[in-house]
Amino acid sequence: MTAINVATESPALQNEQMRPGQTSPRLALPTVLFLVATIAVPIAITFVYSFLSTADIGTGVKWDFTLSAYRHLFVQDKLDGTTAFDTRYVKVIWNSFVYSAITTVVTLILSLPIAMWIATRAESARNFLVAAVTLPFWISILIRTYGLRQLIDDNGPVGGVFHRLGLDYHIIYTPTATVIGLIYVFLPFMILPIYASAERFDFSLAEAGYDLGAKRMTVFRKIVLPSIRPGIISGIALVFIPALGSFLQSDMLGGGKANMIANVIANQFGQSRNWPFGCALSVLLIGLTVLFVQIIRGISARSGDQVNLV
Amino acid sequence: MTSSYLAISNIKKSFNTPEGGTVHALDDVTLDIQSGEFFVMLGPSGCGKTTLLRSIAGLEYPDSGVITLDGQRIDDIPAYNRPVNTVFQSYALFPHMTVAQNIAFGLEMEKLDKAEITSRVGLALEQVKLAGYEKRKSSQLSGGQAQRVALARALAKKPKVLLLDEPLSALDLKLRRGMQIELKRLQQETGITFVFVTHDQEEAMSMGDRIAVFNSGKVVQLDTPREIYRRPVNSFVADFIGETNLLDGVAGTDGITLPGGGMLLRSQVAEDCAIPDSGAITVAIRPEDFEITDTHGAITGTVRDSIFTGDTVRIHVTVTPEVEVAVSLPSYGARIPDRGEKVSLSPSGNSARTVAS
Amino acid sequence: MGSKMRHRASAIAAIAAVLALSACGSSSSDGASSGAFPTAGTGEVHVYNWTDYIDPEQLKAFTAETGIKVVLDTFDSNETLLAKLQAGATGYDVVVPSDYMVAQMVELNLLQKVDVAGFPNGKNIKPNLMDVYWDKGRQYSAPWMYGTTGIACNTVDPNCAKITSWKDWFTIGAPKMDSLKDQVEVVSAALRATGVAAADLCTTDKSKYLAAQNLLDGFKPAVIDSDSGIERVIAGTSNIRQAWNGSAHRMKAKVPTVEYIYPKEGLNLWADNLVIPVGAPNLDNAKIFINWMMDPKNAAAESNFTGYDNGITGSDAFMAADLKSDPAVIMPADKVALATPTPNCSKEARDLYTQVFTTWTTGQ
């Protein structure tokens, strides 16, 4: 924000006195330019391309304005010559939504006890445990997902259990595997913000609740939970929104069936060579993301919590 | 005074320190607190007073001993079922709730009906002079207001005993004085038994009906403020309660030889204090009990400095290179000696006391 | 998607005949060959190839012989390669597109016309791979590996005996079936299964695609993936796979009961090529590299590594025995007629392929 002011108001700033510890807003300029080049410009390109036509040959776009990519999202010109409402992409978006929602709920349920537990350890143990939670970040997500695939593969230590029991049940290459992959990857993003809230929690509040006649579960529900709500909301935002656009888990664990929106988008830039449609799907995904950010913001504003989003 | 209401018998509690040692936070404490009493537990930090308060509240479980309240044993009842409530040092107001919700919380736990809760919340706020603050968020309150809400929250539960854990320590001096008076008033109005923990002896003196002085996990003296001030049982109490000059003397048949060679006559020592015929003995004389005598005082020395504090003048008198005494003189009336002047001091009447060390 | 792990192997020259435009016997000596052909160089050659599709030992040998260091980078689909070249200034000297992609790249002016046939080893190009539809007279491209896309089946599964056609493949509904994730391969197989002739695979008749889509509606393989096939067959979790013949060969090496099925409606024959993109920074080194790879001994070494046949005359002599005796690689005489080139369709037909493929993958 500050940096955008620099661009427009820099003459006025020259006379302003700088307080100690303040740096010149001009120092932020390279970063702003970098962000504009890597975020704003690609989004603008995506937006513009979504209104163009596919190239006659090769990849890319042809500069013919059309809304057909957007029409294509919801209307299908069927092979028998009729047109109909196209449920395919709505279904894929719905799948993405459901998988992300399940991921969010499961990571939340898993994170609450572990985050509370870490928050109540001695400081040295806390630091160690937080480092342990962040340990997966040290390893490439691709390699971790490969590792998970080995684990839940039909011959893996976990996936193979059904096989050895003689059951015809498979985890790998199912939506379940996709969701397991999402939970696995996003769990730390739920634990850390909840932990950060829980660590600041004043346990005398819990004692006060206990003292005023509330049993343990009531204390947790009515006092602890509302107090760590900012962390929970941050966690939900940090898990749900990226999960919605995730690609790798569905691709590597879901059996390559275009189960999530990002996989369909990737197909448009690869096999299908339909960039405008890929861009239209991306614009839709961006729109959904903004919508969910606004919803989460709305919830957090209503509850009066300080949650930093976007 | 009625018979014992809150009876604490032989409570022991020890903690393991990180270094591997054991600390006896409570070392066989027995106390009887009477109904409707404003009872103060006083002592330096780490003396065990807060641990005892938390044991009464049920937030801490003693290793052994029994606590009964109104004839019923309570030490094995969980905190949420004990008919006592606590005002925490940090207030512990629920930040996500309004003032009214904070106060109503404990009443909702009792499953009272809505109308009853509303009226009790209103009454509690009136008691602490915060009527009209129902809708405020607790983050919008000043320290003094938060303190009152914490008080109202506990009082609304109509506890048999209200426990207050250094509730005024975070307030500035002026506010603290005001709250002291108000707490005393509230206690008298409601008739609830207050157990008040503090490390501030002045606060203890001004509020307590009785004071238990704690040191190292034990109750060293239990009495009225006046008695504790006038008759400290040992040098710790004498020193901790108010200001006292503790002087190492040697007993003889005539009296006690004090540092610097002066003689404290037996007649200058309180009648209830026994003086042996020989041996070392500690004498306690409060600064305001000294008067300047012409000659042959019990203590002779040189005025090092003199400080005017309004109603009194404090002077420090160097007796020997190691011993100095503080003297408090009324600012009007008696002559104030100058710096460097040689003075002779004696306790007025029989105000000197001997104390166990 | 669809990272094609190109372990393809292929048949002998007989198959390659199908790829050639037999009508055109064009000569190979127009174009811009200028001066003596370089034989040694300095510096580097930047090669962009499919994943796991070139023998690293051979690259070392190349460097030892020519003094040119090879920098290798890999891609996973023709589309990735095309997108990269179209973006321009890639820094690659040699890239490896498939047949139809060469044709498109030529049309898009992305390739250098270097007269590959005129290279010293150009004479080694198998005659029937000389006048292919994507590069008549081999002006732009040197042949690399080629092969077919059929069905690999582990015969411990009784269903194998029941599969002789694409129609069987799509309708048998057996467990442990895996499909490639490749639009052209899946949709063209479905078209063949519904009675579309090989010559008509680029039809724009929507009713034909509707029939193919209806067939695909009922086809639910366990996995749609071009990756990890071999491991799954070895593990026994996949028995019936749409597969490149080279993959089948490699599976067979680990699981001897695997057989390669030539579906009776016919199957796609594809051929990969070495080409030099416009703007290649080390043109001479690229030429040396391509010429070196057209040496029969070197071409055979690559076949031994990849499991596919190559387009160089005389390489058979250096090929491994198990490769030469595998009916997946060496197409039996009665199957030769089944193989037809991978269709290179118009945009209109391609869009119909996309529509059918998308409906299928999103309907899983």
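The values are calculated or read from the model by the stated rules, or taken from the named source; none is laboratory data. Owing to the predicted nature of the structure, the values given are computational and were not obtained by experimental measurement. As a convention, Cβ positions derive from the backbone with ideal geometry for all residues, glycine included, and neighbour counts pool all protein chains shown. These accessible areas exclude ligands, DNA and RNA; they are computed on the full protein's heavy atoms, side chains included. Shrake-Rupley method; radii C 1.70, N 1.55, O 1.52, S 1.80 Å.
Figures for the structure shown
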quantity: Entirely in segment C:51-142, the helices (runs of 4 or more DSSP H) that have 2 or more residues that are open to solvent by less than 20 Å² (accessible area, probe 1.4 Å), touching a residue at least 24 places away in the same chain (Cβ under 8 Å) and within 14 Å of chain A (Cβ to nearest Cβ); calculated: C:78-87, C:99-107
quantity: Residue match in segment B:260-270 (condition: in contact with a strand residue (DSSP E or B) (Cβ under 9 Å, 6 or more places away or on another chain), within 30 Å of B:THR22 (Cα to Cα) and either of a type in the set (Phe, Trp, Tyr) or not assigned by TED's automatic domain parsing to the domain that holds B:PRO44 (or both)); calculated: no
quantity: Members of segment A:218-263 found to be modelled with pLDDT of 90 or more, more than 18 Å from A:ALA119 (Cα to Cα) and among the aliphatic types (A, V, I, L, M), listed by number; calculated: A:ILE236, A:ALA237, A:LEU238, A:VAL239, A:ILE241, A:ALA243, A:LEU244, A:LEU248, A:MET260, A:ILE261, A:ALA262
quantity: Pair list, Cβ < 6 Å and 6+ apart or interchain, from segment C:165-194 residues that are under 15 Å from C:ILE261 (Cα atoms) to residues that are assigned to a helix (DSSP H, G or I) and small (Gly, Ala, Ser); calculated: C:TRP166/C:ALA189; C:TRP166/C:ALA193; C:LYS167/C:ALA193; C:PHE170/C:ALA193
quantity: Filter result (of a type in the set (Lys, Arg) and in the same structural domain as C:VAL184 (by TED's automatic domain parsing)) within segment C:247-290; calculated: C:ARG250, C:LYS252, C:LYS254, C:LYS264
quantity: B:GLY143, sole failed condition from (1) within 12 Å of another protein chain (Cβ to nearest Cβ); (2) small (Gly, Ala, Ser); (3) touching an Asp or Glu at 6+ places or on another chain (Cβ under 9 Å); calculated: (1)
quantity: Only listed residue being under 27 Å from B:SER216 (Cβ atoms), surrounded by 15 or more Cβ atoms within 10 Å (Cβ to Cβ), among the small types (Gly, Ala, Ser) and more than 14 Å from chain A (Cβ to nearest Cβ), chosen from B:GLY43, B:GLY122; calculated: B:GLY43
quantity: Hits in segment C:345-362 (condition: over 16 Å from A:HIS72 (Cα atoms), at the interface with chain A (Cβ under 7 Å from one of its Cβ atoms) and surrounded by fewer than 21 Cβ atoms within 10 Å (Cβ to Cβ)); calculated: C:LYS347
quantity: Test for B:THR282: is it at pLDDT 90 or above and either open to solvent by 40 Å² or more (accessible area, probe 1.4 Å) or touching a helix residue (DSSP H, G or I) at 6+ places or on another chain (Cβ under 6 Å) (or both); calculated: yes
quantity: 1 or more residues touching a Pro at 6+ places or on another chain (Cβ under 9 Å) and either at positive phi or touching a residue at least 12 places away in the same chain (Cβ under 8 Å) (or both): qualifying helices (runs of 4 or more DSSP H) within segment A:74-191; calculated: A:87-119, A:123-134, A:141-152
quantity: From the options A:SER140, A:SER50, A:SER68, residue that is within 12 Å of another protein chain (Cβ to nearest Cβ) and hydroxyl-bearing (Ser, Thr, Tyr); calculated: A:SER68
quantity: Residue, farthest from C:VAL356 (Cα to Cα), within segment A:88-106, restricted to residues that are within 14 Å of another protein chain (Cβ to nearest Cβ) and of a type in the set (A, V, I, L, M, F, W, C); calculated: A:TRP94
quantity: Odd one out for B:ILE275, checked against (1) surrounded by 17 or more Cβ atoms within 10 Å (Cβ to Cβ); (2) closer than 21 Å to B:ASN350 by Cβ; (3) not assigned by TED's automatic domain parsing to the domain that holds B:SER348; calculated: (3)
quantity: Top-ranked residue in segment A:232-284 [being open to solvent by 10 Å² or more (accessible area, probe 1.4 Å) and among the aromatic types (Phe, Trp, Tyr); ranked as nearest to the other protein chains (Cβ to nearest Cβ)]; calculated: A:PHE269
quantity: Scan of segment C:229-249 for residues that are closer than 16 Å to C:ASP52 by Cβ and out of contact with any Lys or Arg (no Cβ under 9 Å at 6 or more places or on another chain), ordered by number; calculated: C:GLU231, C:ALA243
quantity: Output for segment B:323-357, where each listed residue is farther than 13 Å from B:SER306 by Cα, polar (S, T, N, Q) and outside any strand (DSSP E or B); calculated: B:SER348, B:ASN350, B:SER351, B:SER357
quantity: Verdict on B:THR320 being part of a loop (DSSP other than H, G, I, E, B), within 25 Å of B:ALA251 (Cα to Cα) and open to solvent by less than 50 Å² (accessible area, probe 1.4 Å); calculated: yes
quantity: Residue in segment C:120-132 that is within 26 Å of A:ARG273 (Cα to Cα) and in the same structural domain as C:PHE305 (by TED's automatic domain parsing) present; calculated: yes
quantity: Enumerated helices (runs of 4 or more DSSP H) restricted to segment C:213-310, each holding at least 1 residues that are closer than 26 Å to C:GLY173 by Cα, in contact (Cβ under 8 Å) with a residue 12 or more places away in the chain and open to solvent by 30 Å² or more (accessible area, probe 1.4 Å); calculated: C:229-235, C:245-254
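Every residue, every condition in (1) among the small types (Gly, Ala, Ser); (2) in contact with a Lys or Arg (Cβ under 9 Å, 6 or more places away or on another chain), yes or no:
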{"site": "A:LEU187", "(1), (2)": "no, no"}
{"site": "A:PRO193", "(1), (2)": "no, no"}
{"site": "A:ALA208", "(1), (2)": "yes, yes"}
{"site": "A:ASP211", "(1), (2)": "no, yes"}
{"site": "A:ALA214", "(1), (2)": "yes, yes"}
{"site": "A:MET217", "(1), (2)": "no, no"}
{"site": "A:SER227", "(1), (2)": "yes, yes"}
